[in-house]
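Structure record follows, encoded as structure tokens.
The values are calculated or read from the model by the stated rules, or taken from the named source; none is laboratory data. What you see is a predicted model, and the numbers here were worked out from it, not measured in a lab. Methodologically, a virtual Cβ is constructed for each residue, glycine included, from the backbone with ideal geometry; neighbour enumeration extends over all protein chains shown.
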Ligand code: ARG
């Protein structure tokens, strides 16, 4: 079929080149945004008397029925069209005749595609935000349920100091709150209307860009027509936010994988989010967590791909920019899928407090508290640190823990030690003493849960 843009050229485009050039295979997912955008455009053309009011109505009705027919499955997208914009216009003209050909007045596919992408990302960012909030809610629930569950906190993956499982989970809730903030903040820059920029230089018609922007719920319009069609920084920002969030999900996944190993056995993931092995009957593999960790690489790739595509492009539109879509779509799909799996996986995860406690009892994670005891009795911290280290070394040599070492032994290291030291190195007391704001104490954990819930409520 002849191209809608046939005119300057008369020859046919090579079939393979035509496929290569086409984006309808992937940009068809923006049909709703494309049609809604076109309806606003037709309304503006009518309101500004660029076309007659009745022609505008005919166009809007036509577009509405195309949308309804696509939604109901009555109309199929014609994959021989170059892109979704061409398809909608072609279908409209097939249905309405010459009036259909008026839709593209004072518009270009360059501003149309930028508009569709912004509307698409605006919708998807909302969906993603809802999912992030749902994950934070689940984390807060698990934190509440595990407020008093002691576990070892780690640095260098070595047992370091006693914390609670709740405190650990809330660290992820805080990260995800910032991820949500980032998506919300990006909306300011996504939600700006490029339509009316036309090919690059604006137009000679008396258009009303604010009319269209308001009709489509944009907060602002791009103030420079070249910028409106040239930049995809809003896509880059979205991808960067997606990559950052995936980095958080990936670290969390890594911990879930470790925690569900026999070496740790801190949690048991529900059967619904694990798989068996085809050969080893004993296996219960954390595939979903591993896949989330794995898919993080894809989303990083999407970000890098778009940044690289854009870096050498002269202004204004270049066909290279068609490559924005697959990166953005892939990231959107991946992020949503990962969150959809993560939310119920965390909700159904069963902590194993006995094992966490046993691990906490083994790593001398109360050694800092032992040093703090001596500081309380008047010793400078560095000296207290040294004595505590020597006592730990002795315990290791003798197969003891700090809690079982007799007072006479302690006294041999410092006369400051007394019977009350045992209370100070009791693990639960060690946790309770970490009362600094944001610390591991149950009171602090309660305050953190309240903070998270408040943020969820008030955004
Ligand atoms: N399919 C194109 C894209 O996704 C639409 C814009 C085409 N504009 C043009 N001048 N060829 O970028």
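Condition first: surrounded by fewer than 21 Cβ atoms within 10 Å (Cβ to Cβ) and more than 16 Å from the ligand (Cβ to nearest atom). Can you find one or more residues in the range 82-92 that meet it?
no
Residue check, residue 122 against (1) in a helix (DSSP H, G or I); (2) within 16 Å of the ligand (Cβ to nearest atom), all met but one. Which one?
That leaves (2) as the condition not met.
Only one residue in 186, 201 is more than 13 Å from the chain's Cα centre (by Cα) and not in a strand (DSSP E or B). Which one?
On the way: 186 fails: more than 13 Å from the chain's Cα centre (by Cα).
When all the criteria are applied, what remains is 201.
Scan (1) away from the ligand (no atom under 16 Å from the Cβ); (2) without any contact (Cβ under 8 Å) to a residue 12 or more places away in the chain; (3) under 42 Å from the mean Cα position of the chain (by Cα); (4) surrounded by 10 or more Cβ atoms within 10 Å (Cβ to Cβ) for the single condition residue 52 breaks and write down its number.
Of (1) away from the ligand (no atom under 16 Å from the Cβ); (2) without any contact (Cβ under 8 Å) to a residue 12 or more places away in the chain; (3) under 42 Å from the mean Cα position of the chain (by Cα); (4) surrounded by 10 or more Cβ atoms within 10 Å (Cβ to Cβ), only one is false for residue 52: (3).
Do you know which of the residues in the range 204-224 that are in contact with a strand residue (DSSP E or B) (Cβ under 8 Å, 6 or more places away or on another chain) and in a loop (DSSP other than H, G, I, E, B) is farthest from the ligand (Cβ to nearest atom)? Can you show your working first?
Going residue by residue through the range 204-224, those that are in contact with a strand residue (DSSP E or B) (Cβ under 8 Å, 6 or more places away or on another chain) are 209-210, 212-213, 216, 218-222.
From the residues that got through so far, the ones that are in a loop (DSSP other than H, G, I, E, B) too are 216, 218-219, 222.
Numbers: 216: 18, 218: 20, 219: 24, 222: 16 Å.
Among those that are in contact with a strand residue (DSSP E or B) (Cβ under 8 Å, 6 or more places away or on another chain) and in a loop (DSSP other than H, G, I, E, B), it is 219.
Going through the range 100-114 one residue at a time, which ones are within 11 Å of the ligand (Cβ to nearest atom) and surrounded by 23 or more Cβ atoms within 10 Å (Cβ to Cβ)? Steps first, please.
Just the residues of the range 100-114 that are within 11 Å of the ligand (Cβ to nearest atom), to begin with: 108-114.
Matches in the range 100-114: 111, 112, 113, 114.
Can you name every residue in the range 311-331 that is outside any loop (DSSP other than H, G, I, E, B), in contact with a helix residue (DSSP H, G or I) (Cβ under 7 Å, 6 or more places away or on another chain) and within 16 Å of the ligand (Cβ to nearest atom)?
Filtering the range 311-331 down to residues outside any loop (DSSP other than H, G, I, E, B) leaves 319-331.
If we keep only those that are in contact with a helix residue (DSSP H, G or I) (Cβ under 7 Å, 6 or more places away or on another chain) too, we end up with 320, 323-331.
Within the range 311-331, 320, 323, 324, 325, 326, 327, 328, 329, 330 qualify.
Exactly one of (1) buried (at least 17 other Cβ atoms within 10 Å of the Cβ); (2) under 25 Å from residue 167 (Cα atoms); (3) at pLDDT 95 or above is unmet by residue 402. Its number?
(3)
May I ask you to list the residues in the range 292-309 that are within 17 Å of residue 239 (Cβ to Cβ) and in contact with a helix residue (DSSP H, G or I) (Cβ under 7 Å, 6 or more places away or on another chain)?
Our first condition is that a residue be within 17 Å of residue 239 (Cβ to Cβ); within the range 292-309, this holds for 295-309.
Within the range 292-309, 295, 296, 298, 299, 300, 302, 303, 305, 306, 307, 309 qualify.
Sort through 162, 194 and tell me the only one that's within 16 Å of the ligand (Cβ to nearest atom) and either under 30 Å from residue 360 (Cβ atoms) or buried (at least 23 other Cβ atoms within 10 Å of the Cβ) (or both). I'd like the intermediate steps shown before the answer.
Details: 162 fails: within 16 Å of the ligand (Cβ to nearest atom).
Only one candidate passes the filter, namely 194.
Considering only residues that are modelled with pLDDT of 95 or more and loosely packed, with under 14 Cβ neighbours inside 10 Å, look in the range 347-375 and name the one that is farthest from residue 162 (Cα to Cα).
Top of the filtered list is 350.
To keep it simple, each residue is scored yes or no on (1) touching a helix residue (DSSP H, G or I) at 6+ places or on another chain (Cβ under 8 Å); (2) loosely packed, with under 13 Cβ neighbours inside 10 Å.
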position	(1), (2)
248	yes, no
252	yes, no
258	no, no
268	no, no
276	no, no
282	no, yes
285	no, no
290	yes, no
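Tally the residues that are in a helix (DSSP H, G or I) and touching a strand residue (DSSP E or B) at 6+ places or on another chain (Cβ under 8 Å), restricting the search to the range 280-290.
Restricting attention to the range 280-290, the residues satisfying the condition of being in a helix (DSSP H, G or I) are 287-290.
Right, trim to touching a strand residue (DSSP E or B) at 6+ places or on another chain (Cβ under 8 Å) and you get 287.
Matching residues across the range 280-290 total 1.
Does residue 21 count as under 22 Å from residue 2 (Cα atoms), within 14 Å of the ligand (Cβ to nearest atom), surrounded by 19 or more Cβ atoms within 10 Å (Cβ to Cβ) and in contact (Cβ under 8 Å) with a residue 60 or more places away in the chain?
Values: under 22 Å from residue 2 (Cα atoms): yes; within 14 Å of the ligand (Cβ to nearest atom): yes; surrounded by 19 or more Cβ atoms within 10 Å (Cβ to Cβ): no; in contact (Cβ under 8 Å) with a residue 60 or more places away in the chain: yes.
No; evaluated as a whole, the condition is false for this residue.
Checking residue 441 against (1) over 41 Å from the mean Cα position of the chain (by Cα); (2) free of Cβ contacts under 8 Å to residues at least 40 places away in the same chain; (3) under 26 Å from residue 168 (Cβ atoms), only one condition comes out false. Which one?
(1)
For the range 364-438, please list each of the helices (runs of 4 or more DSSP H) lying entirely inside it that holds at least 1 residues being farther than 20 Å from residue 153 by Cβ, touching a helix residue (DSSP H, G or I) at 6+ places or on another chain (Cβ under 9 Å) and in contact (Cβ under 8 Å) with a residue 40 or more places away in the chain.
On the way: elements: 367-376, 381-398, 407-413, 421-424, 427-432.
Where helices (runs of 4 or more DSSP H) fall fully within the range 364-438 and carry at least 1 residues being farther than 20 Å from residue 153 by Cβ, touching a helix residue (DSSP H, G or I) at 6+ places or on another chain (Cβ under 9 Å) and in contact (Cβ under 8 Å) with a residue 40 or more places away in the chain, they are 367-376, 421-424.
Please verify whether the range 441-457 includes one or more residues that are part of a loop (DSSP other than H, G, I, E, B), within 13 Å of residue 162 (Cα to Cα) and modelled with pLDDT of 95 or more.
Yes, there is a match, as at least one residue in the range 441-457 is part of a loop (DSSP other than H, G, I, E, B), within 13 Å of residue 162 (Cα to Cα) and modelled with pLDDT of 95 or more.
Yes or no, residue by residue, for (1) in contact with a strand residue (DSSP E or B) (Cβ under 6 Å, 6 or more places away or on another chain); (2) modelled with pLDDT of 95 or more:
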{"position": "259", "(1), (2)": "yes, yes"}
{"position": "265", "(1), (2)": "no, yes"}
{"position": "272", "(1), (2)": "no, no"}
{"position": "278", "(1), (2)": "no, no"}
{"position": "292", "(1), (2)": "no, yes"}
{"position": "297", "(1), (2)": "no, yes"}
{"position": "306", "(1), (2)": "no, yes"}
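Could you give every pair whose Cβ atoms fall below 8 Å, whose first residue belongs to the range 68-86 and is within 25 Å of residue 323 (Cα to Cα), and whose second residue is at pLDDT below 95 and away from the ligand (no atom under 14 Å from the Cβ), counting only separations of at least 6 or pairs across chains?
80/1
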